[in-house]
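Working notes for the structure below.
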Amino acid sequence: MKFRVERDVLAEAVTWTARSLPTRPPVPVLAGVRLEASTEGSVTISSFDYEVSARSEVPAEVEQAGTVLVSGRLLADICKSLPAKPVSVDVDGSKVVLTCGASRFTLLTMPVEDYPALPAMPETAGTIESQVLTEAVAQVTIAASRDETLPLLTGVRLKIEGEKLTL
């Protein structure tokens, strides 16, 4: 696998995807982020811990397609510290080499075959402007519990009925 991507695009996608990684995963591969480069010119960055999945797709210059699994938090930390130049990602055996300007990082890979299959993405139910959704979420999250003993009460319920979204 070999691809080249803009640093800001990669850093944002990796950081967003890695946010959902568990702090103490029951299985080591669940701490990983899966990078999948396709010949169509995109890289899909995903994470999954059997409860929460995250997937982000970014445009890239893909020289060689492939899939690799690396430590998500480590990759996110590295991406944040890279200079503002294009990033080259190259798989060399059991290592992933990130090159950006004069910076070069080597990450060990994890076994992709041990990683669970990601759930299928649901169909799009509709669209909403980001500002409207942000305001709606801000109005209801103040009522969500911060106590982790009852995880059900820490969330926000979304109900979609036709053209109506209720939080």
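With respect to being of a type in the set (Asp, Glu), under 19 Å from Arg7 (Cα atoms) and without any contact (Cβ under 8 Å) to a residue 24 or more places away in the chain, Asp90 falls outside the description. Screening Leu118, Leu69 for residues that are touching a helix residue (DSSP H, G or I) at 6+ places or on another chain (Cβ under 7 Å) and on the phi < 0 side of the Ramachandran plot leaves exactly one candidate, Leu69. Within segment 129-143, the residues that satisfy the criterion of being among the aliphatic types (A, V, I, L, M) and surrounded by fewer than 12 Cβ atoms within 10 Å (Cβ to Cβ) are Val132, Ala138, Ile142, Ala143.
Residues that are among the hydroxyl-bearing types (Ser, Thr, Tyr) and either at positive phi or open to solvent by less than 80 Å² (accessible area, probe 1.4 Å) (or both): does segment 23-31 have at least one?
Step one: list which residues in segment 23-31 are among the hydroxyl-bearing types (Ser, Thr, Tyr), which gives 23.
Then drop every residue that is not either at positive phi or open to solvent by less than 80 Å² (accessible area, probe 1.4 Å) (or both), which leaves none.
Within segment 23-31, none of the residues are among the hydroxyl-bearing types (Ser, Thr, Tyr) and either at positive phi or open to solvent by less than 80 Å² (accessible area, probe 1.4 Å) (or both).
Taking every residue in segment 58-70 that is farther than 16 Å from Val97 by Cβ and free of Cβ contacts under 8 Å to residues at least 60 places away in the same chain and pairing it with any residue that is open to solvent by 50 Å² or more (accessible area, probe 1.4 Å) and not in a strand (DSSP E or B), at least 6 positions away or on another chain, the pairs with Cβ-Cβ distances below 6 Å are Val58/Val9. Are any residues in segment 6-19 of a type in the set (S, T, N, Q), open to solvent by 30 Å² or more (accessible area, probe 1.4 Å) and more than 20 Å from Pro83 (Cα to Cα), and if so, which ones? Those that are of a type in the set (S, T, N, Q), open to solvent by 30 Å² or more (accessible area, probe 1.4 Å) and more than 20 Å from Pro83 (Cα to Cα): none in segment 6-19. Of all residues assigned to segment 13-32, at least one qualifies as being closer than 20 Å to Ala117 by Cα, touching a Ser or Thr at 6+ places or on another chain (Cβ under 9 Å) and part of a strand (DSSP E or B). Among strands (runs of 3 or more DSSP E) entirely within segment 33-124, having at least 1 residues that are more than 12 Å from the chain's Cα centre (by Cα), basic (Lys, Arg) and surrounded by 12 or more Cβ atoms within 10 Å (Cβ to Cβ) singles out 95-100.
The values are calculated or read from the model by the stated rules, or taken from the named source; none is laboratory data. Nothing here was measured: the structure is a model prediction, and the numbers come from that model. Counting neighbours? That spans all protein chains shown, and the Cβs are built from the backbone with ideal geometry, glycine included. Side chains included, ligands, DNA and RNA excluded: accessible areas come from the protein's heavy atoms. Shrake-Rupley method; radii C 1.70, N 1.55, O 1.52, S 1.80 Å.
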